[in-house]
Amino acid sequence: MSATILIVEDESELAAVVADYVTAAGYEAQVIADGREALASIQRQMPDLIVLDLMLPGLDGLSICRAVRGFSAVPIIMVTAQVQEIDRLLGLETGADDYLCKPFSPRELVARIKAVLRRSSTLPTPAQILQIDVEARTARARSQLLDLTPTEFSLLAAMAKRPGTIFSRAQLLDLASRDNLECTDRAIDSHIKNLRRKLAVHLPDVDIIHSVYGLGYRLDL
Ligand code: CA
């Protein structure tokens, strides 16, 4: 059975093009133009993934996303008309799995849909991969203790708390400095690089920290 992708989009031409691509990729496409109608439909029958436009008649995408997160972890790809909007959304911690800015190529959207679905279906057994003890400030990968600096631990613990969430460099910087650790924006990249290298020693087969182009980093378990 193919996955159902709900496309919540009020620009009917765009919605039709996206639906065509989604269908051609082997998914079942469903299009709803009104926000309120979309939420009601999601409550009635949960799709496998939601492509959610931000500006919608009835109820905006952000409100829909928050409402859905109250009862479901269904993958959500948020679509916005402005690239600056993405930074704001990241700060709001919407709970969306990915963000895409208009105009986007439908091909790119299908690639994102595939990636998000793949991620959400390979979620099981996270505990076997990574264990974090916040009190002791220790982290283990497959039960092997990781030799982390305080900053690396802070970053890993913060991202592991919300797997699948994209953290901007500014957010990570903020998290690191909350623990009174000296850190600069550019240093975040090198901390993450070191963290990945240390994780790779015990997890050679899985890459759990991903860089999201232009946005920041995300941890997937
Ligand atoms: Ca719109």
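The values are calculated or read from the model by the stated rules, or taken from the named source; none is laboratory data. Everything quoted here is computed from the prediction, not taken from an experiment. All Cβ positions, even for glycine, are placed from backbone atoms using ideal geometry, and neighbour counts span all protein chains on display. Each accessible area value is taken on the protein alone, full model and side chains, heavy atoms only, with ligands, DNA and RNA left out. Shrake-Rupley method; radii C 1.70, N 1.55, O 1.52, S 1.80 Å.
Here the peptides 204-212, 188-196 are ranked by packing, the mean other Cβ count within 10 Å, and the order with the highest first is 188-196, 204-212.
Each label was represented as a point 7 Å from its Cα along the Cα-to-Cβ direction; for Ala200 and Glu28 these points are 4.2 nm apart. Approximating the spin labels as points 7 Å out from Cα along Cα→Cβ, the Lys193-to-Gln84 distance works out to 3.2 nm. The slack between Lys161 and Ala111, meaning 0.36 nm per residue of separation minus the straight C-alpha distance, is 15.4 nm.
Between the beta carbons of Asp133 and Glu93, assuming R0 = 35 Å, the FRET efficiency works out to 0.90 to the nearest 0.05.
Solvent exposure of the chain, expressed per residue, is 52 Å² of accessible area, with all protein chains present and a 1.4 angstrom probe.
A cut-off of 5 Å between modelled amide H atoms, ignoring neighbours fewer than 5 places along the same chain, links Tyr99 with Met78. Of the beta bridges in the stretch 63-158, as assigned by DSSP with both residues counted there, near 60 percent are antiparallel.
With a cut-off of 17 Å, note down the residues of the stretch 94-121 whose backbone N falls inside the zone around a label point 7 Å from the Cα of Ala73 toward its beta carbon. Those under the cut-off are 94-98, 116-121. Around the amide H of Val212, modelled in the peptide plane, lie the amide H atoms of Tyr217, Arg218, all under 5 Å away and 5 or more residues distant in sequence or on another chain.
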